[in-house]
Amino acid sequence: MSVALCMSSIRSIRAPALWLLMLASSLVGCASLVGVQTLPSVLPASWEARRETLQSWGRFESYGRVAIARDGEGFSGSWRWAQRAQRSTLELQGPLGVGGLSLNFDSEGTVDEASRRALEQQLGFVLPVESLRYWMLGVPDPRERSEERMSSMASRLDSLQQNGWTVAFKNYAPVPGGDYELPQRIEATRESLRVRLVIEGWSGGAR
């Protein structure tokens, strides 16, 4: 379990301009999420069964863009998640204040404390990286208590509250080859900190 940090120059931009840029870019190609290889073609119809199925997914990859703002200042970058049964990896590419960053997770989905402290020291705030793998699938982290708000659409969330964070699922998109949708835009807020994810694609992690 380790974290590797590669420092580069910090590029900070004002949050309003950042959100306009993210919104404009996320509207391109909203028809579906791309890159699916071996993900399931169907999910259970009921929310309870679907939630359990998504929480138990052991192999997948996803990628996209991220924007982070706090107290009027913001950073943007790209990310890639590789979920494996025994080891998972989150890669962030700058600027994000840290240039390039890679986090490794153990089989329980936990980052060791030294790595967590190093990440927090470099960014200056705490990110919910351990819950991210669940939130990107549109479900709560099963290890933490949560409050769910269901969408008017069947079997998916409009938002959830967990561990001090409010997570809003702004948009869902069809998964090619499947009969279901996964989140495409997510906004997570906690006090003055706001994290926006745009999910651009998925694969089944067959490698």
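Table for the structure above
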{"read-out": "Flag for Thr166 being within 20 Å of Gly77 (Cα to Cα), of a type outside the set (A, V, I, L, M, F, W, C) and surrounded by fewer than 20 Cβ atoms within 10 Å (Cβ to Cβ)", "value": "no"}
{"read-out": "Tally, over region 163-207, of residues that are closer than 26 Å to Arg87 by Cα, among the acidic types (Asp, Glu) and not in a strand (DSSP E or B)", "value": "0"}
{"read-out": "Residue among Pro183, Pro174, Pro142 that is in contact (Cβ under 8 Å) with a residue 12 or more places away in the chain, closer than 21 Å to Arg65 by Cα and surrounded by fewer than 18 Cβ atoms within 10 Å (Cβ to Cβ)", "value": "Pro174"}
{"read-out": "Condition check for Asp179: within 18 Å of Arg50 (Cα to Cα), of a type outside the set (A, V, I, L, M, F, W, C) and at pLDDT below 95", "value": "yes"}
{"read-out": "Restricting region 90-119 to residues that are surrounded by 15 or more Cβ atoms within 10 Å (Cβ to Cβ) and small (Gly, Ala, Ser), the residue that is modelled with the lowest pLDDT", "value": "Gly97"}
{"read-out": "Scope region 72-89; condition of a type outside the set (S, T, N, Q) and modelled with pLDDT of 85 or more; matching residues", "value": "Gly77, Trp79, Arg80, Trp81, Ala82"}
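Table: residues versus (1) touching a residue at least 24 places away in the same chain (Cβ under 8 Å); (2) among the hydrophobic types (A, V, I, L, M, F, W, C); (3) touching a Ser or Thr at 6+ places or on another chain (Cβ under 8 Å).
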| position | (1), (2), (3) |
| --- | --- |
| Leu43 | yes, yes, yes |
| Gly64 | yes, no, yes |
| Ser88 | yes, no, no |
| Leu123 | yes, yes, no |
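Every residue, every condition in (1) of a type in the set (D, E, K, R); (2) under 24 Å from Phe105 (Cβ atoms); (3) over 13 Å from the mean Cα position of the chain (by Cα), yes or no:
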residue	(1), (2), (3)
Met136	no, yes, no
Ala154	no, no, yes
Ser159	no, no, yes
Tyr172	no, no, yes
Val175	no, yes, yes
Asp179	yes, no, yes
Glu187	yes, yes, no
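The values are calculated or read from the model by the stated rules, or taken from the named source; none is laboratory data. Please read all numbers here as calculations on a predicted model, not as lab measurements. Here Cβ is always computed from backbone atoms with ideal geometry, including for glycine, and neighbour counts include all displayed protein chains.
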